[in-house]
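A quick write-up on the structure given underneath.
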Amino acid sequence: MEAVRTQDVGVNDLPWKIEYDRDRCTMCGSCVASCSFQAIKASVERKSITRSEGREPKPLHEHSAIPVIKQVASLTDFCRGCGMCEKVCPNNAIRPVRNPDTRKSLLSRDNGPIKRGGRTNLSAGRTLDHIIVGRISQMTDPSLDSARHTFDIRAPFGRVLSSKELPFAVVDGKLVKKGHTPPVQYIYPLIFSDMSIGALSTRAWEAVALAVGYLNEKCHLPVRMSSGEGGMPVKLLQSEYLKYFIIQIASGHFGWNRIIKAIPYMVTDPAGVLIKIGQGAKPGDGGLLPSAKVAEHIQAIRGVPKATLSSPPNHQGLYSIEESVQKMHLSMNAAFGFRVPVAIKCAASSTSVSVYNNLLRDPYKICGGFFLDGIQGGTGAANEISLDHTGHPVVSKIRDCYLSAVEQGLQGQIPLYGGGGIGMTGNAAADAFKMMCLGASGVFVGKVLIQLLGCVGNEQGRCNACNTGRCPTGICTQDPRLVKRLDIDRGAQKIVDYVLAFDAELKKLMAPIGNSTLPIGRSDALVSTDKAIADKLGIQYVC
Amino acid sequence: MCRIGSIKSRTPIQPSTALRLMLPQQEGHDNSGFAMVLQDLYGIFSGYKDKPLLSLSCTQKGAQLVEDYMDAHNFVQIAEWLPVPVKTPGLSIQAMPYYIFRNYDYPEDAVKMTEREKEDLLLDTRLALRKILEESGQGFVYSFWPDVLTLKEIGDPSDIATYFRLWEDNGCLAAKSIVAQCRQNTNYAIVRYAAHPFFLQGYTLCANGENTFYTKNKEFQKSLHRGYIGFESDSQCFLNTLHYVHHELQWPLGYYKHVITPLPFEEIEEREDREVLTGIRQSLANLEINGPNTVIGVLPDARMITCCDSKKLRPVVVGRDENMVAISSEVCGINEIMPNRDMTQDIYPNEREVVIIGNDLEVQRWRQ
């Protein structure tokens, strides 16, 4: 007989339970070897059978020891539901099943706040799913043919001047440019965003970068990728391909020692610089890279010892938006000779409009983009309380910023880019199109890219173990054995194929509204079946 | 769909010519109104070419409100033409009680004003009159500018012409430039201000087709200039943009086309003037049009222009003989007024050109 110990952790306390069929199992060990969380183990169960075969009861007792796969009842080595065991099992003998009775969240705060990766697990519903492209061109303004017409799918990235500020003079009946204008690049309206080397494995980062190279060189889609706050390989910094990358600087300045040293050797300018002030998944928090992921090569790129790397919540030494513009924007602009757009990324917040207004009024005209990151953005590591309980939806905030600019006649001068949950339900093109109609010049995506690489995490608590260094897909880990699971060529191909489909789908939405250029600000093309959303966004309510 | 047309002539022509240009183009229930802007006037206005001419339709009370305002602002009335309509029963027209076409002399202190200041005075006066008439619901003011007359009404164009005796060719109204259109807004509410051609500080414009970038254009234009108001029709945006590019920015005329239908990025990259074209595309992205449209315009110096959208979804044709050039949505209208012209000289402007008709009737084709 076993005694019940109330405080003991049982498998039923955990978020996922292993469903195991002993009869199908050959004890090959693949599942145990594949479980990077050590949530299952090979074990032996004692079996005791009493049976009687004759006409008269003659009980026979049989005792045997049977090898089995068993779930570990632990609050640290617990099953995350990643399903690698199921994926690897040749006999379909094992799989994780979500446990509605879990007490894990309650029990595992013994060592302080819970940390995890992924996205918010609490936010219910998405605004974008209540919006439809409802203005279809027919008769007087014919729809275009998405397959036959040509489309000019390019978005501005950089500080745009008002027409009266353009340094143009008329010479012999022609306009001639007489002075400097801020750099503006026309890029594909889908930016690969901000996942650092460190948060991602070098191989995963490389796969995304490979996709960017292919999309530009072979598919002629000027997709740009933000480095994230973790530096970049020196070889890349000194290559022609740097022009496809937006270098990020965040509050930890990780990697900038190498970047600055590489500047004299750069053969081309980067696509831009992105100053990260905040991020949608954990607004008010700086970056977090747990020491488990600070492998030797990460230490080298970032110039740090093996330790948990917590970026400060804000840029030290910056006191105000004006000061940020004057010091940080100006020095970043100066670093690249005022040839490279310098943008800023903030977590969406109820204060976003004030920040945007302030930037719009900057006299130096040096803020080249305002990136707003919503609550449904992902992260490699954060406190669960931040992930689930802080943040701000991005859709209405992009709209608010745009309309505030409209009111002042300044729309388009600092391009708005929206992110955080774009492509969450699989169709990034629809999300991007709607965001653009509401005023965004483009969108940025992160999570969807790693999901294309193979990440199985979701918003219902599956996996979300990016912070542990034990990512079962080799994407968010620096463990070389786990990283080997990732085929970067196949991963890159998956991303390329997705973006090509994105491009075709975007055209499929532009064609019915009769436009061959991006519908930035075409809110008249959208309708909503939700009255509150329609009212808030200033679009037609339909039912 | 709106059919639009214009005529520029060496000798003054009367409105019936414009009607004959437009009526053959009628399709279905299209003919729901008539509007025209006459510029470079002859007939009874010959002697007042430098005096601003006010065109309005109103009630008696509206006429009094206008008179009070003009008196209070020291405009001196020097000539007036009040059409005496033919009120035959059964005519399809929703007539206003009064149509007033009146020349004023500038207020005394205008002698010290620059041309620009005078232009602003005329605009501000028209805007003020429009506000007064709009708030009181007593009428509509269409233009207030030297040598320019505007007439707009709701109904059957042919009946409207009968009502105003335009078929009589009595010599009252004559001009070397006429822009006309025979349709009220049948898609939205019937508002007289929504009927093209529109007029602003010497610029006249009519356009057809849906402006799919209407919301973008409107949201941007609202804060560009005080004269960009109303937006009863999405086509007003084309006029505002023409005025902004040519009058406010003072860019050469050809850049209007670059603003409304910018070249694709790939083509811009291959051009010598790419820096300028990129700058324009960046800063005036909100003035782009991207739907099916044709534009016909007249400039303050009386030159006439036409161009169409970048996909040539709305066609336009330019026909000419030695005395006259006409621009029209459909060639049948030109055939009516110039049956003996050399049709091989007709121009069907392509999606990347602007056709300019000079005051000597020389036709230029500018490639974007």
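The values are calculated or read from the model by the stated rules, or taken from the named source; none is laboratory data. These numbers were taken from a predicted model, which means no experiment stands behind them. Quick reminder, even Gly has a Cβ in these numbers, built from the backbone with ideal geometry, and neighbours come from all protein chains shown.
One table, with the values for the structure above:
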quantity: Selected residue (criterion: nearest to the chain's Cα centre (by Cα)) from residues of region A:45-63 that are under 14 Å from A:ARG22 (Cβ atoms) and surrounded by 10 or more Cβ atoms within 10 Å (Cβ to Cβ); calculated: A:GLU45
quantity: All helices (runs of 4 or more DSSP H) inside region A:440-543 with 3 or more residues being away from chain B (no Cβ under 14 Å) and either acidic (Asp, Glu) or within 30 Å of A:ALA39 (Cα to Cα) (or both); calculated: A:447-453, A:480-483, A:488-510
quantity: Top-ranked residue in region B:1-55 [being among the β-branched types (Val, Ile, Thr) and over 18 Å from the mean Cα position of the chain (by Cα); ranked as nearest to B:THR150 (Cα to Cα)]; calculated: B:ILE44
quantity: Selection count, region A:130-162, where residues are over 21 Å from A:LEU416 (Cβ atoms), charged (D, E, K, R) and touching a residue at least 40 places away in the same chain (Cβ under 8 Å); calculated: 3
quantity: B:TYR193 being within 8 Å of chain A (Cβ to nearest Cβ) and either within 27 Å of B:VAL318 (Cβ to Cβ) or modelled with pLDDT under 95 (or both); calculated: no
quantity: Flag if B:ILE289 is within 14 Å of chain A (Cβ to nearest Cβ), touching a residue at least 60 places away in the same chain (Cβ under 8 Å) and of a type in the set (Val, Ile, Thr); calculated: yes
quantity: Region A:388-421, subset within 14 Å of chain B (Cβ to nearest Cβ) and of a type in the set (S, T, N, Q), residue surrounded by the most Cβ atoms within 10 Å (Cβ to Cβ); calculated: A:GLN411
quantity: Lone qualifier among B:ASN293, B:ASN350 - being within 24 Å of B:PHE213 (Cβ to Cβ) and within 21 Å of the chain's Cα centre (by Cα); calculated: B:ASN293
quantity: Positions within region A:228-244 being within 17 Å of A:LEU200 (Cβ to Cβ), out of contact with any Asp or Glu (no Cβ under 8 Å at 6 or more places or on another chain) and outside any helix (DSSP H, G or I), in sequence order; calculated: A:GLY230, A:GLY231, A:MET232, A:PRO233
quantity: Residues satisfying the stated conditions in region B:292-307, i.e. under 24 Å from B:GLN221 (Cα atoms), more than 14 Å from chain A (Cβ to nearest Cβ) and either aliphatic (A, V, I, L, M) or surrounded by 21 or more Cβ atoms within 10 Å (Cβ to Cβ) (or both); calculated: B:VAL295, B:ILE296, B:GLY297, B:VAL298, B:LEU299, B:MET304, B:ILE305, B:THR306, B:CYS307
quantity: Qualifying residue in region B:216-229 (condition: of a type in the set (Phe, Trp, Tyr), surrounded by fewer than 19 Cβ atoms within 10 Å (Cβ to Cβ), farther than 24 Å from B:VAL317 by Cα and within 18 Å of the chain's Cα centre (by Cα)); calculated: no
quantity: Count of region B:173-198 residues which are more than 15 Å from B:GLN26 (Cα to Cα) and surrounded by fewer than 19 Cβ atoms within 10 Å (Cβ to Cβ); calculated: 6
quantity: Residue within region A:222-235 that is small (Gly, Ala, Ser) and surrounded by fewer than 24 Cβ atoms within 10 Å (Cβ to Cβ) present; calculated: no
quantity: Total residues in region A:440-464, condition farther than 16 Å from A:ARG98 by Cα, of a type in the set (Gly, Ala, Ser) and buried (at least 24 other Cβ atoms within 10 Å of the Cβ); calculated: 4
quantity: Checklist (1) surrounded by fewer than 24 Cβ atoms within 10 Å (Cβ to Cβ); (2) under 18 Å from A:ILE375 (Cα atoms); (3) aliphatic (A, V, I, L, M) applied to A:LEU500, failing item; calculated: (2)
quantity: Any pair with Cβ under 6 angstrom, 6 or more apart, that starts in region A:447-461 at a residue that is among the charged types (D, E, K, R) and ends at one that is not in a helix (DSSP H, G or I); calculated: A:LYS447/A:GLY378; A:GLU459/A:ARG119; A:GLU459/A:ASN121
quantity: Odd one out for B:THR150, checked against (1) of a type outside the set (A, V, I, L, M); (2) in contact with a helix residue (DSSP H, G or I) (Cβ under 9 Å, 6 or more places away or on another chain); (3) under 21 Å from B:ALA95 (Cα atoms); (4) crowded, with 24+ Cβ neighbours inside 10 Å; calculated: (2)
quantity: Any strands (runs of 3 or more DSSP E) falling wholly within region B:35-119 and containing at least 2 residues that are among the small types (Gly, Ala, Ser) and touching a strand residue (DSSP E or B) at 6+ places or on another chain (Cβ under 8 Å); calculated: B:52-58
quantity: Those strands (runs of 3 or more DSSP E) lying entirely in region A:78-191 with at least 1 residues charged (D, E, K, R) and closer than 27 Å to A:ALA428 by Cα; calculated: A:115-118
quantity: Given (1) outside any helix (DSSP H, G or I); (2) modelled with pLDDT of 90 or more; (3) in contact with a Pro (Cβ under 9 Å, 6 or more places away or on another chain), index of the condition A:THR268 fails; calculated: (3)
quantity: Restricting region B:267-295 to residues that are in a helix (DSSP H, G or I) and basic (Lys, Arg), the residue that is nearest to B:LEU313 (Cα to Cα); calculated: B:ARG281
quantity: Candidates A:GLY521, A:GLY461, filtered to the one that is closer than 25 Å to A:GLY374 by Cβ and at pLDDT below 95; calculated: A:GLY461
quantity: Residue count, region B:209-260 (criterion: among the β-branched types (Val, Ile, Thr), facing chain A (nearest Cβ under 10 Å) and part of a loop (DSSP other than H, G, I, E, B)); calculated: 1
quantity: Residue ranges of strands (runs of 3 or more DSSP E) in region A:282-383 with at least 3 members of a type in the set (A, V, I, L, M, F, W, C) and within 19 Å of the chain's Cα centre (by Cα); calculated: A:342-347, A:370-373
quantity: Failed item, numbered, when A:ARG126 is tested on (1) of a type in the set (D, E, K, R); (2) in contact with a strand residue (DSSP E or B) (Cβ under 8 Å, 6 or more places away or on another chain); (3) more than 14 Å from every other protein chain (Cβ to nearest Cβ); calculated: (2)
quantity: Selection from region A:152-179 of residues that are on the phi < 0 side of the Ramachandran plot, facing chain B (nearest Cβ under 9 Å) and surrounded by fewer than 19 Cβ atoms within 10 Å (Cβ to Cβ); calculated: A:LEU161, A:SER162, A:LYS164, A:GLU165, A:PRO167, A:VAL170, A:LYS174, A:VAL176, A:LYS177
quantity: Within region A:1-35, considering residues that are of a type in the set (Gly, Ala, Ser) and either touching a helix residue (DSSP H, G or I) at 6+ places or on another chain (Cβ under 6 Å) or at pLDDT below 95 (or both), the one surrounded by the most Cβ atoms within 10 Å (Cβ to Cβ); calculated: A:SER34
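Here's the yes/no breakdown for (1) under 29 Å from B:LYS218 (Cα atoms); (2) modelled with pLDDT of 95 or more; (3) of a type in the set (Ser, Thr, Tyr):
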| site | (1), (2), (3) |
| --- | --- |
| A:VAL342 | no, yes, no |
| A:TYR356 | yes, yes, yes |
| A:LEU360 | yes, yes, no |
| A:ILE398 | yes, yes, no |
| A:VAL406 | yes, yes, no |
| A:LEU416 | yes, yes, no |
